[in-house]
Amino acid sequence: GVDCGGDSRMCCRQEFFVDFKEIGWEDWIIQPEGYHMNYCAGLCPLHMAGIPGLAASFHTAVLNRIKAASAAAAVDSCCVPTQRRPLSLLYYDRDSNIVKTDIPDMIVDSCGCT
Amino acid sequence: AARGEWCPACGMAALAPGTQRDVLLALAKQSILAKLRLPARPSAPQPPSRRALLTALRRLRAQRSDTSAFPGMLRDGPVPHLRPGMELQEYEILSFAESGSSTSRSVHLHFRFSRELAGSTEILQATLYLFWAAPGPRAQHVTIRLLQPDPAGLNVTVASETQLEVQRSGWTTLDVGPAVRSLFGQETPRLTVELEVPEDWESPLPTDHSDSHRPFVVAQAQARTSHRIRRR
């Protein structure tokens, strides 16, 4: 995947860090200090469909046929996460119990075009 | 959308950077609270003393190293035995004792669990940790009763009774999985433990909350699957 930066407008991973102290959550969330709520943004023109990542598992021949068939319709594909990982949280619940959990698929590691 | 253009999907104009950041922060809050099944952020917590917390974590880590069956608490990183894509969110809950009524012969301990977790998870395991301080030269008998409120909440019944022979000071553990599991169906999930101790013993619940030997329960819970397959 590609990280956003510079002035490319293609599909990329945009980093975004939420500091729990900044939003006043540091008293009930013990660890970590913040959340990497990265997201995918950017253009996926037709010639980028399937590059890189998610679509790589499609049959290239089928995809090319779809491209060819839809060229007239100029249909773009979407910029989506291709790799995600859990967010591990240690926090106090409202009974002041200490709770640890791993929330699946919360952190985007890379993006690609469908 | 790039600056000055419209978003092809929602038709909104590109947001000003400050507004976009506010929107993303609001989205982050909403997403975390939703995944933790919390209607709002918990109000200011009353954390246990640092010493009690460190002792509990050390106890759990020691337990984990010699009983691989119970994975213990605060594993680093995701749960390894879950298949990718099939993760059911798991919770490890550490609840410290609160003192209840007590006499010279019996002590009541209360362990509370949050209603949100009780309503959306099922208990896999739960263990009660008790510390006995220097019981004396001879082994002494202690009775541990797990009490449960009856459905009307007016009386309590004895869910289980265990006789314990304490020979020296130190920690003891007791499986309280079934009792906590049945609590998780109730409106106010609170486990009450009654300890019947010899006359001349001091209470296992230290009067000083900062003491590192405060009893605690550690429970492992798993999110309930949203749908159930019914056998016809």
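Here is how the numbers come out for the structure above:
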| read-out | value |
| --- | --- |
| Residue order, fewest to most surrounding Cβ atoms within 10 angstrom, among B:6, A:25 | B:6, A:25 |
| Under-5 Å amide H pairs with residue B:159, H placed in peptide plane, nonlocal only | B:146, B:147, B:148 |
| Under the Karplus curve 6.51 cos²θ - 1.76 cosθ + 1.60, θ = phi - 60°, whole-Hz ³J(HN,Hα) for the range A:32-40, x wherever Gly or Pro sits | x, 8, x, 10, 7, 8, 5, 9, 9 |
| Residues whose placed amide H lies under 5 Å from that of residue A:87, excluding near-sequence neighbours | A:103, A:105, A:106, A:107 |
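Each value in this text was obtained by applying a stated rule to the coordinates, not by laboratory testing. This structure is a prediction, so every number in the text was calculated from the model and none was measured. In this analysis, Cβ positions are derived from the backbone assuming ideal geometry, glycine residues included, and neighbour counts consider all displayed protein chains.
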